[in-house]
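Working notes, beginning with the structure itself.
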Amino acid sequence: MRRRHGFLIILAAGILVVSIGAFAFAFPPGDPRRPEAEKPALHFRCRLDSMEPPVQVEVPLKLADPTKQATLDQTIDLPTPLPPIRLAEFLPRAKLVQIVEHHDGPDARPAVRVSIVGPTQSFDRWLIADDPARNQLLSLIGTWRYLAVADKKQRKELLRQFKEELSREPKLVISRPDGSDPHELPATKTGASRAFPKLGCEIRLKQFYPNFATDPKTHKPLNLSDKRVNPAALVEIERDGRKEERWVFTKFPDFKAKKAEQLPYQIMLDCPIE
């Protein structure tokens, strides 16, 4: 229930581009409002950046006429454990006031309604071209997690987690490769270390960044702010005289460096995200 996946969805093919994970529509070069007859077919593209290597899925929208409003029932399958996305409705030109509806005004924009269905819950949202603030879904991480709940027991546990979601301190969870025998190390003090005799290793927190980013010029890691937007930690693992460094990210628990990780441990960064 705590696995989090960032992914990018793009509605493209000449007319506009949509992105999910941070949904963002953008028109192509040239006149964004070309004559309707000249507009090509739309494609829906989804890129999962949290997977190694990143996975991209692209399918054409099943539209008889991309210039007309249409009801859709198109399912886009994503790799496990993500639920599929269902496209439910299409508007060639739309405007958001309080609700999304067909609009013929000069400032109308394309829109598509997406639906994500979990074991017991579903989620619907309209995406509007050139409106990245509205299309942002990272703030709805609780909704994504709630969609993964399969029964009352899991729902009760998830609600308990939500109560302490932003107040609990970040911590590293160290375990064997299959996730068994987990141990914890607070991620609040740089340089803190602890030996774990049962695992046969020592873990050292070399750096913790609440809002990790990379300097575009030096390509070195930097911290953008104290707000926990993209928590990351640089961890050193020592076993039998061998040392290994790893970056771990709360949002991307499956992240792996390009070089092969040799020491047999799984490390997760459990940190509340603002």
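The values are calculated or read from the model by the stated rules, or taken from the named source; none is laboratory data. Predicted model, so just to flag it, every value in this text is computed and none were measured. Reconstructed Cβ throughout: ideal geometry from the backbone, glycine too, with neighbour counts over all protein chains shown. Protein only, heavy atoms only, side chains kept; ligands, DNA and RNA dropped before computing areas. Shrake-Rupley method; radii C 1.70, N 1.55, O 1.52, S 1.80 Å.
The number of residues in region 241-254 being in contact (Cβ under 8 Å) with a residue 12 or more places away in the chain, farther than 17 Å from Gly191 by Cα and either in a loop (DSSP other than H, G, I, E, B) or open to solvent by 40 Å² or more (accessible area, probe 1.4 Å) (or both) comes to 6.
Being closer than 17 Å to Leu269 by Cβ and either modelled with pLDDT under 90 or open to solvent by 80 Å² or more (accessible area, probe 1.4 Å) (or both) is true for just one of Arg204, Arg228. Which residue is that? Spell out the reasoning first.
Values: Arg204 fails: either modelled with pLDDT under 90 or open to solvent by 80 Å² or more (accessible area, probe 1.4 Å) (or both).
The match here is Arg228.
Of the listed requirements (1) open to solvent by 10 Å² or more (accessible area, probe 1.4 Å); (2) part of a strand (DSSP E or B); (3) at pLDDT below 85, Cys46 misses just one: (1).
Can you find a residue that is within 19 Å of the chain's Cα centre (by Cα) and either of a type in the set (Phe, Trp, Tyr) or modelled with pLDDT of 80 or more (or both) anywhere in region 91-112?
First pass over region 91-112, keeping only residues within 19 Å of the chain's Cα centre (by Cα): none.
No, there is no match, as no residue in region 91-112 is within 19 Å of the chain's Cα centre (by Cα) and either of a type in the set (Phe, Trp, Tyr) or modelled with pLDDT of 80 or more (or both).
Of all residues in region 160-178, which are open to solvent by less than 60 Å² (accessible area, probe 1.4 Å) and under 22 Å from the mean Cα position of the chain (by Cα)? Of everything in region 160-178, those that are open to solvent by less than 60 Å² (accessible area, probe 1.4 Å) and under 22 Å from the mean Cα position of the chain (by Cα) turn out to be Gln161, Glu165, Arg168, Pro170, Lys171, Leu172, Val173.
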